[in-house]
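> Handing you this structure, nothing more for now.
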Amino acid sequence: MKKTPSTWTLQSLQAYRKSRGWPELSSAMTEKVVVAIHDIQDHYDDKVFDSGGEPAFLFQPMMGRVRNNG
Amino acid sequence: MADLSLTHKEISELSALMLSGQVSAREVVAAFVSNLELHNVATNAFIAFDAEKALARASTVDALRGTGKTMGVLSGIPLAVKDNYLTLDFPTTAGSRVYDANPPKSDARTVALLREAGAIVLGKTNMHEWAYGATNKISAKGPTRNPWNTQHITGGSSGGSGAALAARMVPAALGSDTGGSIRVPAAGCGVCGIKPSYDFVSREGVLPLSWTLDAAGPMATSARDLRILLSVMIDKAGPGFNGSKADKARTPTAKRKMRLGMPIGLGFELANDVRSSFESAQEIFTDLGAEVVPVETGEMMEGFAAWKTILHSEATAFHVKFLSERANDYADSVRTQLEAGRCITAADYLNAQQFRRGFNDRLDVVMSAFDAFILPTLPVTAPLLDEEFLHFEGVSVSAQDSMTYVAWLANLAGLPALSIPCGFGKQGLPVGLMLMGRFGTDFDLLGIGELFQTATDWHRRTPTFPSHSSP
């Protein structure tokens with residue numbers, strides 16, 4: 001399993017938010033958000049986040065699954 | 001003077017007493033209201049209630065019963081409603097300062113069904129702000145405290161409903177569950193709760209956290225009561241409902257040996273005192289004739305990553321408008337998660353959903369050999385209110401992550417999962433047992449839970465107040 005840690009930093013988050021026109025966060029909040037992003041994305045690994053070239057079907061197939069197995 | 005012994009009875013017992021005329025609905029409601037008035041300050045379980053209105057409705061039920069009219073199965077039964085269900089007669093805030101909606105045009109679909117069956121809504125229960133957390137420490141109305149020891153959390157996000165049941169302020173309550181939010185407070189407070197199969201219960205009028213993970217469901221003091229409530233709540237017109245399967249619960253009998261799969265390995269670590277209660281529960285099932293089989297599920301870390309990605313993406317999508325208009329009204333910890341969700345790409349979200357599809361299919365193959373999976377609802381008992389990190393079996397996790405440690409699995413897979421009490425830990429706090437089944441086996445799970453509760457009395461234990469220190 002190949003893990004790819006998140007690349008978000010304080011600076012990249014601030015720059016990203018600015019580019020989107022979102023309000024500036026306090027430095028304390030920026031720090032917390034970066035920690036939170038890492039907490040989500042540091043778990044990422046190729047098994048989950050590489051669909052291997054297959055299209056992502058999202059919700060409809062799951063609903064189909066629900067109906068089929070119900 | 002209210003008869004408090006009534007508050008220790010199950011729904012079916014209360015209904016029988018009312019039906020036979022031994023007790024009136026007003027007496028039943030008055031008993032639970034007494035407990036509410038005694039214990040709500042210590043627990044902060046209810047954030048809004050109206051005793052007068054509930055008593056007046058009970059009198060109406062009594063008057064109707066006197067006319068010989070056919071009554072609903074929940075006639076005169078007091079009900080607590082989590083604060084993310086829309087209700088006509090109480091404000092709905094999702095435990096936040098952000099949402100102070102105008103009165104809705106109608107009750108949430110589930111609340112309407114329960115009222116039609118005769119339930120009397122006593123009030124709204126406290127919750128983790130926007131259900132975005134599983135401790136119930138974060139709420140605009142203050143933290144909820146565990147009736148077994150008010151220095152401890154209840155678990156969340158339906159913590160107010162869990163505390164209200166444990167303190168016998170109501171015999172029935174509503175919760176919602178995105179990563180364990182019904183089962184976690186049920187385990188933390190020593191009561192019962194079921195997260196139904198995805199779409200079995202309508203989410204119409206329930207403020208969402210993550211719409212492909214969310215489930216609305218009942219909480220009560222026994223598996224038998226959950227069956228009564230779920231039978232009323234099930235959305236027979238919903239896309240997930242299949243009547244033929246749902247109506248025929250396969251309660252295990254001596255004719256067929258029950259097989260329970262017990263997941264082991266990475267992601268299923270436990271504190272020692274929880275392990276002890278969990279092993280005793282396995283022995284009880286063995287004594288009841290079941291076979292308990294250890295089983296490797298695999299992919300737990302990958303599944304957890306997918307669950308987190310979906311949760312954060314969908315939660316942020318719902319909150320985008322509020323974030324732009326009222327960002328400062330969120331609790332810091334909730335806003336942090338929502339802002340973090342803005343950084344997840346659409347590609348990551350889609351890949352997580354794609355992984356989910358295969359994960360669920362692989363899990364279903366493993367589960368097909370069993371009547372249900374058996375596992376502890378929580379790896380620990382309810383932490384102290386100020387406890388930030390917990391350590392067990394070589395792992396160190398935040399209090400928040402300890403609450404969703406294994407519970408998320410049922411949400412990612414859309415499966416039914418039941419939590420029932422199975423003992424007490426070393427601090428005198430309840431331990432919960434989780435039963436997770438294949439899609440659509442909700443009533444089978446309740447059958448297994450009922451069987452367990454014929455051999456145990458953990459679900460009948462109640463806390464002693466004041467409960468400010470460990471017993």
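> Report, in debye and to the nearest 20, how large the dipole of segment B:53-205 comes out about its Cα centre when Lys and Arg carry +1 and Asp and Glu carry -1 on their Cβ.
Numbers: 17 positive and 10 negative charges, 47 e Å.
In debye, rounded to 20, segment B:53-205 gives about 220.
> By its C-alpha gyration tensor, with a ≥ b ≥ c as the square roots of the eigenvalues, how is the protein assembly as shown shaped: rounded for a/c under 1.5, else prolate for a/b larger than b/c, else oblate?
Prolate.
> Under 13 Å from the Cβ of B:Gly162, count the other residues' Cβ atoms, weight Lys and Arg +1, Asp and Glu -1, and hand me the total.
Net of charged neighbours comes to +3.
> Taking the alpha-carbon centroid of each part, what is the distance from segment B:329-379 to segment B:144-158 in angstrom?
25
> Would you work out if segment B:259-302 is rounded, prolate or oblate? Take a ≥ b ≥ c from the square roots of the eigenvalues of the alpha-carbon gyration tensor; rounded if a/c is under 1.5, else prolate when a/b is larger than b/c, oblate otherwise.
Oblate.
> If you put +1 on each Lys and Arg Cβ and -1 on each Asp and Glu Cβ, how big is the dipole of the protein assembly as shown around its Cα centre, in Debye rounded to 20?
1040
> Below 15 angstrom from the Cβ of B:Ala140, what's the summed charge of the other residues (Lys, Arg +1; Asp, Glu -1)?
On the way: positive: B:Lys82, B:Arg97, B:Lys124, B:Lys137, B:Lys141, B:Arg326, B:Arg335; negative: B:Asp83, B:Asp100, B:Glu129, B:Asp329, B:Asp332.
Charge balance near B:Ala140 sits at +2.
> Within 11 Å, Cβ to Cβ, of B:Lys82, how many net charges do the neighbouring residues add up to if Lys/Arg are +1 and Asp/Glu are -1?
For residues surrounding B:Lys82, the net value is -1.
> Would you compute, from DSSP H runs of 4+ residues alone, the mean residue ellipticity of the protein assembly as shown at 222 nm, taking -39500 (n - 2.57) per run and dividing by the full residue count, rounded to the nearest 500?
-12500 deg cm²/dmol
> Could you state the number of Å between the C-alpha centres of segment B:195-214 and segment B:264-302?
Using only Cα atoms, the two centres lie 28 Å from each other.
> Which of rounded, prolate, oblate describes chain B, given a ≥ b ≥ c as roots of the alpha-carbon gyration tensor eigenvalues and a/c under 1.5 marking rounded, otherwise prolate only if a/b is larger than b/c?
rounded
> A further question on this structure: Would you mind telling me the antiparallel percentage of the DSSP bridges in the protein assembly as shown, rounded to 5?
70
> Just want the answer: with Cβ charges of +1 for Lys and Arg and -1 for Asp and Glu, which residue in B:Thr92, B:Val121, B:Val111 is farthest toward the dipole's positive end in segment B:74-142?
Most positive-ward Cα: B:Thr92.
> Other chains near A:22-33: what is the mean number of their Cβ atoms within 10 Å of each residue's Cβ?
Taking the mean over all residues of the peptide, I get 3.
> Could you give the longest part of chain B that holds none of the GluC sites (Glu not before Pro) found in DSSP loops with at most 12 neighbouring Cβ atoms within 10 Å? Could the numbers behind the result be given before it?
Numbers: sites that count: B:Glu388, B:Glu393.
After excluding every exposed loop site, the longest remaining stretch is B:1-387.
> Placing +1 at every Lys and Arg Cβ and -1 at every Asp and Glu Cβ, with all other atoms neutral, what dipole size does chain B have around its Cα centre, in debye to the nearest 20? Walk me through the numbers on the way to the answer.
On the way: 42 positive and 48 negative charges, 193 e Å.
The calculation lands at about 920 debye.
> Moving to a separate point now. For the residue pair A:Gln11 and B:Lys257, what label-to-label distance in nm results when each label sits 7 Å from Cα along the Cα-to-beta-carbon direction?
Placing both labels 7 Å along Cα→Cβ, they lie 6.5 nm apart.
> Could I ask something else about it? Strictly greater than 26 Å: what percent of every Cα pair in segment B:337-471 meets that?
The calculated P(r) of segment B:337-471 puts 40 percent of pairs beyond 26 Å.
No lab work stands behind these numbers, since they all come straight from the coordinates. Keep in mind that what you see is a predicted model, and the values were worked out from it rather than measured. For neighbour counting, all protein chains shown are included, and Cβ atoms are generated from backbone atoms with ideal geometry for every residue, glycine included.
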